[in-house]
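Right, one structure below, let's go through it.
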Amino acid sequence: MARFLLIHGSCHGAWCWREVIAELATLGHDAKAIDLPAHGDDPTPAAAATLDLYAETILTAIEAPVTLVGHSAGGYPITLAAERAPEKITRLVYLCAYVPAPGLSMIEMRRAGPSQPLAGAVHADPDGISYRIDPEKARTTFFHDCSEAALADTLPRLCPEPIAPQSTALPPLHHWPSVEKHYIRCDDDHAIPPGYQTTMSAGFPPAHVSALPTGHSPFLSAPALLARRLDEIARTRPNLRPDGDTPG
């Protein structure tokens, strides 16, 4: 049995992982998801949300070492959590997620990508504190391979996304490089180009990079397939070096 902690991306909450949690349970795993501050049922005001607070919220939720999964924007807070407390992380899994680059915030990383599929799909609120997904662009950008039922359940749940955490670069990473890392690329992703996902995961051991034939939201479009992939990752040999060999 593996323990999973599942971290959502922009404008989502713990609710998006419900079916994946159920599928992981059928495979014998213990999985839970949390709301990051200012998401889902968490009452934190968007103006008070920070990347630092995201990481602390994740670490507070961990009672024993976990496989920590971050979707999309969740790549930044899971990285910071692993940097601060690597002993709490069995492995990291980046699900079509941003892998932080030195000195760049997540927004800067997005802008550095080979194309900008999110242009026009998200809009900043007038107060400059948060942004929202344009409901007219939501399907084609984030949910094009999801069912009508999933879309009807999802759209009303999407929340404003605090901008400050995504405008924050990470500090130098000293402990994160030694944490086991995996990347799941989504090859029909309309939000983060699959080629950019390949670039961001280029430093991972080749055996730790895999792909799903889905869009940006496999937890909604293919939860059983995603759960099986997470199960496979949880069964991998630990601590592979980038060249694929075990240490020592």
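Scanning region 16-44 for residues that are under 20 Å from Leu151 (Cα atoms), assigned to a helix (DSSP H, G or I) and not hydrophobic (A, V, I, L, M, F, W, C) yields a count of 3.
Counting the residues of region 128-150 that are farther than 15 Å from Ser10 by Cα and touching a residue at least 40 places away in the same chain (Cβ under 8 Å) gives 6. Here region 58-90 is the region considered, the condition is being in contact (Cβ under 8 Å) with a residue 24 or more places away in the chain and part of a loop (DSSP other than H, G, I, E, B), and the residue that is surrounded by the fewest Cβ atoms within 10 Å (Cβ to Cβ) is Ala64. Given the criteria modelled with pLDDT of 95 or more, part of a loop (DSSP other than H, G, I, E, B) and either within 23 Å of Thr214 (Cβ to Cβ) or aromatic (Phe, Trp, Tyr) (or both), does Val93 qualify? In short, no. Restricting attention to region 120-169, and to residues there that are among the small types (Gly, Ala, Ser) and in a strand (DSSP E or B), which single residue is modelled with the lowest pLDDT? Result: Ala124.
Within 18 Å of the chain's Cα centre (by Cα), crowded, with 20+ Cβ neighbours inside 10 Å and farther than 27 Å from Ala207 by Cβ: is that true of His182 in this structure? Criteria not met by His182.
The values are calculated or read from the model by the stated rules, or taken from the named source; none is laboratory data. Predicted model only: the values in this text are computed from it and were never measured. Cβ coordinates were reconstructed from backbone atoms using ideal geometry, including for glycine residues, and neighbour counts include every protein chain displayed.
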